[in-house]
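J.: Take this structure, written in structure tokens, and hold onto it; I'll ask about it next.
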Amino acid sequence: MEYIHAPWRAQYVKNVYKTKGCIFCQALKQEDDREAFILYRGRNNFIILNKYPYTPGHLMIAPFRHLDSPEKATKAAAHEMGDIQVLCLKILRDHYQPQGFNIGMNLGKCAGAGVASHYHIHLIPRWPGDSNFMPLVGETRVVIESLETTFEQLAPRFREHA
Ligand SMILES: [Zn+2]
């Protein structure tokens, strides 16, 4: 295991021991969206920054309801999630000019879900060669932008659509 620059790591270890229950439901209960890193609240879903991003701009979309799989959501919630995904793509593409994206869900612990009880979509902007210095396997990651910076830059853009 190698650490190039991982200022979030100590916080991560602290949070893992501190956090009880669902991180998505807890974030929703916080009074300050800025502290919870919630970028956008729709009618049924919200966008939150991943606190341990693979690349800058790593977002997650999750439903308000604590459900473990999308087929349990209402049609309206499922459709809105699709719309929000498109909104994320537009804003991330415009802001970061990534060359690609990884978008997807891990349903169930065996599929790699960190939080299996509350489903969520990951959107990860990608650049050519980023895996050379930000490998997704192992513990070596480089974070080149703080979460606060990401939030400050992206939040106004999402607010325009709220
Ligand atoms: Zn939850």
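No value in this document is a laboratory result; all are computed from the given coordinates. What you are looking at is a predicted structure, and each value in this text was computed from that prediction instead of being measured. Heads up, the Cβs are rebuilt from the backbone with ideal geometry, glycines too, and the neighbour counts pull from every protein chain shown.
J.: Between Gln97 and Gln26, take the C-beta separation as r, use R0 = 25 Å, and let me know the FRET efficiency to the nearest 0.05.
T.: With R0 = 25 Å, the Cβ-Cβ based efficiency is 0.15.
J.: Could you calculate the FRET efficiency of Glu152 with His66 from 1/(1 + (r/R0)^6), where r is the beta carbon distance between them and R0 is 41 Å, rounded to 0.05?
T.: 0.90
J.: Modelled label-to-label distance, His79 and Ala116, 7 Å Cα→beta-carbon offset: nm?
T.: 3.3
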